[in-house]
Structures are given as C-alpha cells and as structure tokens.
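Q: Below is the structure I would like to discuss, written out as structure tokens.
The values are calculated or read from the model by the stated rules, or taken from the named source; none is laboratory data. Please read these numbers as outputs of a predicted model, since none were measured by experiment. Glycine gets a Cβ as well: all are built from the backbone with ideal geometry, and neighbour counts include every protein chain shown. Note: accessible area is taken over every heavy atom of the protein model, side chains too, but ligands, DNA and RNA are not part of it. Shrake-Rupley method; radii C 1.70, N 1.55, O 1.52, S 1.80 Å.
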Amino acid sequence: MSRWKWRPSGRWSTISSSSVDLERAAAASSGGGAYCPLADGGVSRESTTIIPNAVMSEQAKAFVIQWFLDCDLDDGTEVMKEIEKQRPDIVHRDPNIEIDPGEDETVQLVGQRLHPSPLNSARSSISGWDSPLLQFSAPKYYCVENEETVTLEVLRLSGLDQVCEVRYFTEDGSAVAGVNYQPQDGRLRFNVGDVQQNIKIPLIDDSSWCGVLEFRVELDRTKAVNCEISEHNTSARVQRLDDDCFPTNKYAKEIRHNEIAKVSSILLFFEYFKLNLSDPKVSRGTWKVMLLGQIMNLFLIVRLYAGVILVDHVLAPTDDSSANDMMITSKSNMLVVLIVAGVLMMLLSHMGSIRKYSWGVVGNARMHLSLGIANAFLHRDQSTNGSINEAILLEAMTHDTETIIKVGYTSFIRLFQLVGEIIMSMLFQLSAILASESGGLLTLGLIAVFPILMGFLIWARLETTRTAIQQRRSVDQQLAADVNDMVSKFSLIRDFQMKSWVMDRHAEDIGRVSKSDRHLSEVLEHNRYLIKWLTILTTSVFLFFGGLTVIQGGLRLGVFLSCMKVFVSMSATWARVYTEILQTYGSTGALERIVRFMNMPTDADQHMYWARMQRHLTIEAAQQKGAAAKTFDSLPIQISNLKVVLKTHLTSKQLWDMETKLEFSKLTIKQGQFVCLIGPHGQGKSTLLRLLGGAQLPSMQGGLDQCLWFIPSHLHVLHVGSEPLFYRGNLYNNLTYGQPIGHPDAELDRVRRVCRRVGVPEELIARIDPEAPSDAKWAATLHASALVLLVVARALIANPDVLCIHKPVAHVNLALGRRIIDTLRDFVDKRGLEASHNESSYNAVKTSRPRTCIITSTTAHALEVADEIYKVSSEGIHLVDTTTEAVRLDDMC
C-alpha cells in the first residue's frame, strides 16, 4: 500500500519497490513534471527544484530512481511532502490511508492491519540491484569423518552478468587443522552466469573417538572483488561427526547393545587409558610422568646400593683396601660422594615432582573428557530426554569426571611406576644375593614367591572390595537423587504438608549411607592387615634364615640389611599397588556411567540427512527459477506427509517406555507472513512449531521419498520455547545471546529500542549494560510477565529470517499481549525491527529479507492481524477462513 501516488495523464501509477516499477513510474511522469535533487546530491525542503520533463535527461531519471533506493526514510518522506506541495497535480496523498503523525514509517488502512511504507519497502528490496551478492547456502554443514571431503556451496544471489571473486579460508574450532581436516585458503571465481561455486575441504579419518568436532569456513569481505558479501551466512560452521565408540572400538558391540557389564572393568579402563594416549597433549604429559616415575625408581636402586656401600665399605671396621677396590681414594671421600649423591637425587626428585604438574596431564585429560560429555549431551537424541536430568549431568561433569581423572587415570599411571619399583627392587635383591659368597636358595625363593603371594591376595580380595564400593556408591546416588527432589520439589512438599515424610526418608537415606560406609571401611581395613600379615611372615622367615647366613659369614651385613629394607619397602609398595588398583577399580563405576552417557543415541546423523536435503532443494529451486534475491525470497516453507515419533527413555537400563506418534499432512507458508497455529490441546501444534523451527526432527522410519520437510537452507531460523530461560550473566548478555561480538544487531542502543517496542519496563531497560555484574538470577528474580517480555525482545534482537515462538503472550495482561502481537506484526511488515544506524544503507538494502513469524496463538487479537491461520488437529492441518469459519476457544489453548 503506497502513501503517495503519481498522476500522469489522468491515470494512477503506484510507486513500487522494484526497479521495473520505478522506471515505469518515472516514465509515466513525463506528461506532468518530475523532481530532481540538486547536482551536489543534497536534499531538503530548501534545496529542491522542479524542472520540466523536456530538460530532464535519462541520466537524471536514473539518478532519481537510484536516490530513492539509497535514501533514508526521513529524507524520502521530506521529498515526497515537498513534491506534494509544489506539484499536487502529479502527486497526492491517498485519502483512503490514515497517517499517524508520530509514526512516519507506517500507514494504517482503516479497519485493517499496519503496512510498511513504499519507501521502506524500496529500501528493503534487493531485486533491483545488479551488483553480485554472495553467501553460503546454509549456516551449518555436516560430514562424517570417513568421508573424503565436505562440500560447501557458495551462492550468488544477483549480478549474474558480471565476473566476481572472493577469498575463503578455514578456521579451527574444536576440530584442529592437520589433525581432523586439511586447512584451506583459496579464491572462488564466479564467471558470467554462474549461480554456485563449491568449496571442498579434505577430511582426515582416524580410528580414535573424538565426538562431534567443528571448524569454520569464512568468506573474506576484505578480499571480495566486484561483489558484496551478505550479512547472512558469511561464515559457515562445519560439524564433523564421529563414527567411533567411546572410549575405543574394541568393545563397541557390547557397548552399543547395552551389554557393558560383560566387559572387564579393568580392561575397559585400559581402553580409556589408550584413548588418552591418542590425544597429543594428554599423551605427551602422560609419557613424561611415566618416565619421571622410572627415574625415581632408579634413584631408589641407587640409594639401596649406596646403603650397601655405606655399611660394607665405608663404615665397616676394615682398612682402606675395600675403598681402593671401589676406586675411592679414602673412606672420607666415599662418604662425601654418597652424601652429595643423596642430596642431588633429592633435589632432582623435588624438581621433577613439581615440574610434572605443568605437563597438564590432569587438566588436558579433564578437558578432553568434560568436552566430550558436553558434546554428547548437546547432540543427544531427543528420545533420551527422560533418562537425562540435571543431577545426572552435573554428577557426570563433576564427580564422575574427577573420579575418573584424578583417581582412576592418575592411579593407572602410578601403577606403572610401582610395578617398575617392584621389578627393580627384585633385581637389586637378586644381584645382591648372587654377588655374595652364599645367598641361600631359601632367600632366592622368598624373593620370587613374595610378589606372587601379594598378587594373589590382591586378586582374591578385589571382587569383595569392588562390591562394597559399588554398594556405597549406590546409596550415595540415592541420597543425591532424594536431595535433588527435595530442593526442586519444595513447593509440592510444602503445599501437601509432606515435610515430615521427607525428613523420614532423608533419615533412612543417611542410615543406608552409614551402614554401607561401615561395611566398606571394614573391608578396606581387612585388606590392609592381610598385606601386613603377609609382609611380617615373609620378613620373619628371611630374618631367621638370612640372619643365620650372616652369622656364618656367608652374607654381608650391608646386603642383609638392604634386603630386609627391600622386603619392608616392597610390602609398602604392594600396599600402594593394592590401593591404586582399588582406586582404579572404584573409578570404573564412574567410567561405565560415562561410557553409557557418551554413547547415547545422537541426532547428528538425522540433522545431516535433512540439512543436505534442504540444501539440495534450495539450490535446485534457485537454479530452476534463476538466481536472484527475489527467487530466494519466494521459496516457501513446506512440509508434507511428515511423521514424528516422540519417545521417552526413562532409564538407561530399560527399553523405550513410552511412544507417541504424530502425522502432519501438508502445509505451505510463504516468506514474509505472520502465521498463527491453533488447535486442541495435545494434538500437535507445538510439535509442528518445533518442526518449523528446526527444534524437532521428523521420523526417519520408512517412506522418506514421499515426505517433505523444506525450510530454505539459507534462512536463519530461530525457535523460542514456551519456558522463559536465562543463563547466569548480565541482562545485556542474555538479550544478545547468540549474537557475535560487535554485530550491529547487538548494538546497545538497538537492544534498548527493541525492548521499549516490546514494552519492557524502563527500570529493566536501565539495567541493560554490557559492563554490569553477571551474577543476577533473572528467572528467580523477575515476575512472569517481565520474563515473557524479555524473551520476546531477545528473539526480535536476534533478527532471524523465520521466528517460531510458542505462546508469546502467555503470563501477560491483555494490553501487553496486544502490544507484543503488534510488535511481532511490525517485525514481519518492516523486515526486522530497529535497524542499526551503523549499518550502511547500501548493505541494508542488499541484505534485508522478508521476515516470517509463526506462533501458537492464545488470543483473538493475534488471529485478527495474522496473514494466515492454520488449525492443527488429529484430522490434519487446514487453513482457517475466519470470514466463514468460527474459531473455538478450546482451539486457542
């Protein structure tokens, strides 16, 4: 609907946004007169002139047309008002349009909804521009690691008759160049007529688990030749899907069939150890720590030999001949060497023990595992929602991760050092005994049998100990779950007056914890004393027979004392081995939970399938219609013959417990519309909205060739759920969530203007500050209506192409509800709200696209201003004609 009209030769010609209509309007004005700005391009009420058409050249006409496309809305309005004053014979204001003096941007047709002004429409259209405009075909691409390459399409939306070039390059995210993909840096050349050019990124396959990794591909604005880069999809994210099992593929069959109990816990932990060795950072630090441990063992052996030398050669009451045998000139010199060597070894041990913390074994391993858990949670299949809650995720990210890394993994590393210590101690005993005049077969036998007996004892007690540990862990989990229920369900407990019952149940939980803790302590104490008993029996036998050998002169005193010391130290070492094995065993429960968690079903492969299909359909449609912005803007959102299966997976050990099936027949929504979904409760309108918003995936079961789920891939789609969600951060960061730093849409002034449009209270708007503290709990502090207003404002600040929002007027009064609906209507009509003043008018024209808003409606006002209303019920989806069909109240629930 135009505000002004030209009147050439007695007929009407509406000023339109397209270049063809504008040229027709200029040509039609030749009979009456035309407006021309001054030569310097300045435009105002004082700097205008009217010249006859006879003198107006074709270049001037083109200049006028170009100026109207370039001008600011206020300037254009001033010019049209001046023309109306000076030449009312050719331009007049449409009498059927009522104009609010305070709102020049819009006009209102009596009895109907708001419409944009023609100048704003002209600024929003890019169909009249001939300069090439480039962007990626989608904001996100998917690939599997075993594919050789991933292909990204770059589209040209206009300017097919020109040649242009642009540079592209890759940037690391969680995926690392040279490890997960081959980095690329090159140029794309579009020749005349080219609609699309492809970027191919080679992928690197490996057999180790790494989860879903991501890297980016950027179009370089600074290296664009004869073209513009769209604000939309100038950067593409590539997600590389992993087809390996966590921790390795060795037990993939058992893990994926939920038969992990058949796998030995220690062997499973060894596979996790191998996984860490496949990570360069963790592996490098692990090998350094293990090497340091063996160096410490060498120092231990050196000290033992030093003890033998000290007793048998330095402190023994003999002449210096023994010292000369050891190539030491005197006993005093030998004593100094031993002291210096001891101090030097202590210094090196101290430095190494401090230095190992800088090698980042624990930190890098924790990073690797924690990111994997977060990755698995974020990409989980929606059917697993019933088995995952806040307590489980929190336990996995904190307690289980710490248990696996700081207890299990580090214990596994220390086991290598302890085993090396035992082996070196045994070698010392054997060498010392064999070097003596008479070692005795019994002594050699004790040296060989002692580790065998210790190993058998540890193995015999492991299962009993592990059972006790698991029982304690089980009651701890039950206590944590009950505490979580007590906190999260406090209102329910209070309202039903069940505080006493909760206290009784809590007391029972504490009793079970105490009982299991007592049993575990008894088991561990038995284990410690069994090792002590074995040690005292072995050393007693060696003391008796070895002592007789010393008395008889067959064994030196220093060797005897060193061997006794080794038996005692080996007893302590075996006790530590037992402790480390128990700690590793104790962490296997956490590892098994993490393994189940990390190998949950994901929906990444489904996203990849549908994303590739939508890109294919988008490019195919564009090539058929011809590449132009109006072609992409005319692509509709369509679904046909879709099935959605909603599954609830209650526990990790049970099969699917509940399944709901929904079917959607056919729906077509044009871009640039305000659409309302209504229908009875529980019959699919919320699920349909999630489908349109990309938050719900269709079922992949059968008949895929007959179904259609088409959301043009180049569109930025935003789904907003019914629950107001805020994260820990200041209000500005919450309102600009998802916006890149420095993006025009996240400009502070624009954020505040959008909030005012929605109706956010001024006291809240005053708190919108990027530098404000980040510790406010908004969801718990603000009332429900303020939260709803902020959620709607955040969605409009994001400025998506397609906005799908559940019940946007829930929890607000009637006046605020009407204001929200009218603001959403403006968002569609004006192709976005409160454009940033820092954005160039040229770029705004090049990048502004139709805005589409789809809501589930609960108010009659939303139905009044909607372009289309669809009723979703068990009978299907059908378009509601409000002129002939009444809308029931229960359809707006």
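Q: Please count how many residues of segment 219-246 are surrounded by 16 or more Cβ atoms within 10 Å (Cβ to Cβ), more than 30 Å from Leu275 (Cα to Cα) and not small (Gly, Ala, Ser).
A: 8
Q: If you go through segment 867-883, how many residues are part of a loop (DSSP other than H, G, I, E, B) and within 17 Å of Ser665 (Cβ to Cβ)? Let's see the steps before the verdict.
A: As a first pass, look at segment 867-883 and keep what is part of a loop (DSSP other than H, G, I, E, B): 867, 874-875, 880-883.
Of the ones still in play, those that are also within 17 Å of Ser665 (Cβ to Cβ) are 874-875, 880.
Within segment 867-883, residues that are part of a loop (DSSP other than H, G, I, E, B) and within 17 Å of Ser665 (Cβ to Cβ) number 3.
Q: Mind listing whichever residues of segment 148-165 are open to solvent by 50 Å² or more (accessible area, probe 1.4 Å) and under 27 Å from the mean Cα position of the chain (by Cα)?
A: Within segment 148-165, Glu148, Thr149 meet the criteria.
Q: Residue check, Ser571 against (1) in contact with a helix residue (DSSP H, G or I) (Cβ under 6 Å, 6 or more places away or on another chain); (2) modelled with pLDDT of 80 or more, all met but one. Which one?
A: Only one criterion is unmet by Ser571, namely (2).
Q: Right, something else. Hey, among the residues in segment 166-176 that are outside any loop (DSSP other than H, G, I, E, B) and not hydroxyl-bearing (Ser, Thr, Tyr), which one's surrounded by the fewest Cβ atoms within 10 Å (Cβ to Cβ)?
A: Just the residues of segment 166-176 that are outside any loop (DSSP other than H, G, I, E, B), to begin with: 166-172.
After this cut, where a residue has to be not hydroxyl-bearing (Ser, Thr, Tyr) as well, the list is 166-167, 169, 171-172.
Numbers: Val166: 24, Arg167: 16, Phe169: 16, Glu171: 12, Asp172: 16.
Here the residue is Glu171.
Q: If you don't mind, there's one more thing I want to ask. Need the failing condition index for Gly307 against (1) out of contact with any Leu (no Cβ under 8 Å at 6 or more places or on another chain); (2) in contact (Cβ under 8 Å) with a residue 40 or more places away in the chain; (3) open to solvent by 20 Å² or more (accessible area, probe 1.4 Å), just the number.
A: Here Gly307 meets the rest and fails (1).
Q: May I ask you to list the residues in segment 333-372 that are under 30 Å from Trp209 (Cβ atoms), touching a residue at least 60 places away in the same chain (Cβ under 8 Å) and small (Gly, Ala, Ser)?
A: Within segment 333-372, Gly360, Ala365, Gly372 meet the criteria.
Q: Let me ask you something else. Taking only pairs six or more apart or across chains, which ones have beta-carbon atoms under 8 Å, a first residue in segment 669-690 that is in contact (Cβ under 8 Å) with a residue 60 or more places away in the chain, and a second residue that is assigned to a strand (DSSP E or B) and among the aromatic types (Phe, Trp, Tyr)?
A: Note: pairs meeting the criteria are Val675/Tyr870; Cys676/Tyr870; Leu677/Tyr870; Ile678/Tyr870; Gly684/Phe664; Leu688/Phe664.
Q: Now for a different question. Of the residues that sit in segment 814-856 and are more than 23 Å from Pro636 (Cβ to Cβ), in a loop (DSSP other than H, G, I, E, B) and open to solvent by 40 Å² or more (accessible area, probe 1.4 Å), which one is modelled with the highest pLDDT?
A: Glu834
Q: Among the helices (runs of 4 or more DSSP H) lying completely within segment 731-790, list those that include at least 2 residues that are open to solvent by less than 60 Å² (accessible area, probe 1.4 Å) and touching a residue at least 60 places away in the same chain (Cβ under 8 Å). Let's see the steps before the verdict.
A: Values: elements: 731-735, 748-758, 762-765, 778-781.
Where helices (runs of 4 or more DSSP H) fall fully within segment 731-790 and carry at least 2 residues being open to solvent by less than 60 Å² (accessible area, probe 1.4 Å) and touching a residue at least 60 places away in the same chain (Cβ under 8 Å), they are 731-735, 748-758.
Q: Right, something else. With modelled with pLDDT of 85 or more, of a type in the set (Phe, Trp, Tyr) and open to solvent by 20 Å² or more (accessible area, probe 1.4 Å) as the only criterion, which of Tyr529, Tyr585 stands out?
A: Working: Tyr585 fails: modelled with pLDDT of 85 or more.
Going through Tyr529, Tyr585 in turn, the sole match is Tyr529.
Q: Enumerate the strands (runs of 3 or more DSSP E) found wholly within segment 607-681, keeping only those where 2 or more residues are modelled with pLDDT of 75 or more and open to solvent by 20 Å² or more (accessible area, probe 1.4 Å). Reasoning before the result, please.
A: On the way: elements: 637-648, 658-669, 674-678.
In segment 607-681, the matching strands (runs of 3 or more DSSP E) lie at 637-648, 658-669.
Q: Now a separate question. For segment 332-438, which helices (runs of 4 or more DSSP H) that fit wholly inside it have 3 or more residues that are aliphatic (A, V, I, L, M) and modelled with pLDDT of 80 or more? Show your work before the answer.
A: On the way: elements: 361-378, 390-395, 410-435.
In segment 332-438, 361-378, 410-435 are the helices (runs of 4 or more DSSP H) which contain 3 or more residues that are aliphatic (A, V, I, L, M) and modelled with pLDDT of 80 or more.
Q: List the residue pairs whose Cβ atoms are under 8 Å apart, where the first residue sits in segment 557-579 and is without any contact (Cβ under 8 Å) to a residue 24 or more places away in the chain, the second is open to solvent by 10 Å² or more (accessible area, probe 1.4 Å), and the two are 6 or more positions apart or on different chains.
A: So the pair list comes out as Phe560/Gly547; Phe560/Thr549; Phe560/Val550.
Q: Now, a different point. Could you say whether any residue in segment 177-194 is assigned to a strand (DSSP E or B), farther than 30 Å from Ser278 by Cα and open to solvent by 50 Å² or more (accessible area, probe 1.4 Å)? Steps first, answer last, please.
A: So the first thing to find is which residues in segment 177-194 are assigned to a strand (DSSP E or B), and the list is 177, 181, 185-190.
Of the ones still in play, those that are also farther than 30 Å from Ser278 by Cα are 186-190.
With the extra rule that they be open to solvent by 50 Å² or more (accessible area, probe 1.4 Å), the set shrinks to 187, 189.
Taking every residue of segment 177-194 in turn, at least one turns out to be assigned to a strand (DSSP E or B), farther than 30 Å from Ser278 by Cα and open to solvent by 50 Å² or more (accessible area, probe 1.4 Å).
Q: A further question on this structure: Taking segment 543-558, which residues are open to solvent by 10 Å² or more (accessible area, probe 1.4 Å) and part of a helix (DSSP H, G or I)?
A: Leu543, Phe544, Phe545, Gly547, Leu548, Thr549, Val550, Ile551, Leu557, listed by residue number.
Q: Output the residues belonging to segment 131-147 that are open to solvent by 10 Å² or more (accessible area, probe 1.4 Å) and not charged (D, E, K, R). Please lay out each step first, then the result.
A: First, pick out the residues of segment 131-147 that are open to solvent by 10 Å² or more (accessible area, probe 1.4 Å): 131, 139-140, 142, 144, 146-147.
Result: Ser131, Pro139, Tyr142, Val144, Asn146.
Q: Test Gln197 against the stated conditions and say whether it is open to solvent by 40 Å² or more (accessible area, probe 1.4 Å) and not in a loop (DSSP other than H, G, I, E, B).
A: On the way: open to solvent by 40 Å² or more (accessible area, probe 1.4 Å): yes; not in a loop (DSSP other than H, G, I, E, B): yes.
Yes; evaluated as a whole, the condition is true for this residue.
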